[in-house]
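Please treat every number below as a calculation from the coordinates, not as lab data. Computed from a predicted structure; not experimentally measured. All Cβ positions, even for glycine, are placed from backbone atoms using ideal geometry, and neighbour counts span all protein chains on display.
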């Protein structure tokens, strides 16, 4: 029996979204299509894994009245979860789609300052769980050390499990120094990590192979936005072009990619087919508005042609 995929979200959010005809200063902006969803990297990943038919368990920090709202949203989304209570309030983010321009405005607070006892409690709880994969996804809140994901990697490897990482900056660098199974930076995040310009495709491929050869990661997936994604393993490089779609919102696309590729691997799919499933999930999410994520029917629609693209 496949074990549940555990996700960790240290800086979750109550994600609010709406639409307006035009966003302009001073004036009262009338909105429509309001919705609220549980957000933050690991929570989004858990939602998509469940949508694809997998089993997830989300561990997250949350505090205050906004944390209580997040709890309700997580429950309503059907995600099994454990909340670690924090003293400070959970952040509330806002996404506004502007009809007049077709642009999306994203307002993302920095979030609370987390106490040592709070983030340590999250790691301690994960150590009690039974899992094959743990996914650490999202930013590091204030008060949490930069090596927190590296510490999680040590514990995960000690358990004989696999760690998937989606973060950026010093937290990404520290975890890779320790070593993880799969990492998913964006091109910009990967370029910052390597300290060089990676806009040239050949430079990007060389840097990705360099990272894998160094032993920092077994699988490196670099997302390239509308240009698709790059996969690097010890067997070489693979690339996929994103299917041509009319995007409504990019919110959660990266998280959906992580969910798709990890779910695929957890069910025994090859790395190539799991990679294609990740791209399919990310693509399907941009079809939805605001903070809504992908639908399984859309993911399956894209998956087959993407697998064929890899084989051609």
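May I ask for the Kirkwood hydrodynamic radius of segment 5-311, worked out over all distinct Cα pairs and given in angstroms to one decimal? Before the final figure, lay out the partial values.
On the way: mean 1/r = 0.0514 Å⁻¹.
With all distinct Cα pairs of segment 5-311 included, I get 19.5 Å.
Please work out the Cα center distance from segment 9-32 to segment 173-207, rounded to the nearest Å. Here the answer is 32 Å between Cα centres.
Adding -39500 (n - 2.57) for every DSSP H run of four residues or longer, then dividing by how many residues the chain holds, sets the calculated 222 nm ellipticity at -12500 deg cm²/dmol.
For the chain, a Gaussian network of Cα nodes joined below 10 Å ranks 53, 264, 138 by mean-square fluctuation, and the top entry is 53. For segment 184-298, the equivalent ellipsoid derived from the Cα gyration tensor has semi-axes of 24, 17, 11 Å, listed largest first.
For the residues 45, 69, 23, a GNM of the chain with alpha-carbon springs under 10 Å puts the largest fluctuation on 23. For a paramagnetic label modelled on residue 124 (point 7 Å from Cα along Cα→Cβ), amide N atoms under 17 Å away belong, within segment 56-93, to 59-62, 82-87. Give the shape of segment 1-56 as rounded, prolate or oblate, defined through the alpha-carbon gyration tensor: a ≥ b ≥ c are the square roots of its eigenvalues, a/c under 1.5 means rounded, and otherwise the shape is prolate if a/b is larger than b/c and oblate if not. Taking the square roots of the gyration eigenvalues as a ≥ b ≥ c, segment 1-56 is prolate. By the gyration tensor of its Cα atoms, with a ≥ b ≥ c the square roots of the eigenvalues, what is the shape of segment 118-188: rounded for a/c under 1.5, prolate for a/b over b/c, or oblate? Because a/c hits 1.5 or more and a/b fails to exceed b/c, segment 118-188 counts as oblate. Across segment 87-240, the mean sequence separation of Cα contacts (distance under 8 Å, 6 or more residues apart), normalised by length, yields a relative contact order of 14 percent. Residues 85, 301 in ascending order of nearby Cβ atoms (within 10 Å, fewest first): 85, 301. The spacing between segment 248-297 and segment 115-170, judged by their C-alpha centroids, is 22 Å.
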